[in-house]
Every structure is written in structure tokens, then in C-alpha cells.
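Taking it in order: structure first as C-alpha cells, then the write-up.
The values are calculated or read from the model by the stated rules, or taken from the named source; none is laboratory data. Source: prediction; values computed, not measured. Backbone-built Cβ (ideal geometry, glycine too); neighbour counts: all protein chains shown. All accessible areas refer to the heavy atoms of the entire protein, side chains included, with ligands and DNA or RNA removed. Shrake-Rupley method; radii C 1.70, N 1.55, O 1.52, S 1.80 Å.
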Amino acid sequence: QVQLVESGGGLVQAGGSLTLSCAASGSVFSSRTMGWYRQAPGRQRNLVATITSGSSTNYAGSVKGRFTISRDNAKNTVYLQMTSLKPEDTAVYYCNALPPTSNYWGQGTRVTVSS
């Protein structure tokens, strides 16, 4: 059974930086495309960034140039480095496979960006 645990969120001022981590248990991690998703208050969950097993990346337009996704297959961990944060980046951030698997959703990590 795969379990994903997100960490690294917090409160930061606009223009600041945070790095999120997603630790995965289970044996399927290294072969899967992984993604970071976020859900702002009152809004649906959206895909922010993806990374393939070969470390090819893709980003939503709203974060391109500011966020960097990476992975360490030896540690079964996916990272999301976030810079130049904006108040509109405020959300709970989740990781999951792409496409997402319903029973992989963790509790997420909350990011709050103050103006």
C-alpha cells in the first residue's frame, strides 16, 4: 500500500520561498509520473507541476518560472521548490501520481502567503 506524506508548508511573506517534500512508501514510486496539486479555499484541486520517472517536468502557467519540481528516487521523495511566492499561491498542497490515484491522497501541507 502506497502512502504519501507531504511536509514543508508554512506561512511566508509574498516574494518568499518554501520547499515542499513528499515522502512515498511503497515500491511503485520510482516508475510513476508524480505531481504536485493544490487546493485553495473554496476552489477545486488543480495540478501544479509534474515529473516523469525520467525527470521530465511540466508546469501550470501560473507557476512556471517560479516553481521547480524534482525527485530523488533513492529516497522515494518528490520536492517542490517554490520561489517568488504570491498570495494567490495560498493553498493546501498535495502530491499524487499522474493521473491521481484516489487512495494515495495524503493530508497535504498548507502554504499561506501573506501580502
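Ignoring ligands, DNA and RNA, what accessible area per residue does the chain give at 1.4 Å, in Å²? Before the final figure, lay out the partial values.
Details: 5980 Å² over 115 residues.
Accessible surface, normalised per residue, equals 52 Å².
Ignoring ligands, DNA and RNA, what percent of the 1.4 Å accessible area of the chain is carbon and sulfur?
Details: 2700 of 5980 Å².
Its accessible area is 45 percent carbon and sulfur atoms.
When only DSSP loop residues count, what trypsin sites (Lys or Arg not before Pro) in the stretch 48-115 have their Cβ near at most 13 other Cβ atoms within 10 Å?
Taking the stretch 48-115 and a limit of 13 other Cβ atoms within 10 Å, the loop trypsin sites (Lys or Arg not before Pro) found are K64, K75.
Can you sort W105, W36 by 1.4 Å-probe accessible area, starting with the largest? If you can, show how the numbers build up before the last one.
Numbers: W105 80, W36 0 Å².
So, going from the largest accessible area down, we get W105, W36.
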Dipole of the chain, Cα-centred, from +1 at each Lys and Arg C-beta and -1 at each Asp and Glu C-beta, to the nearest 20 debye?
120
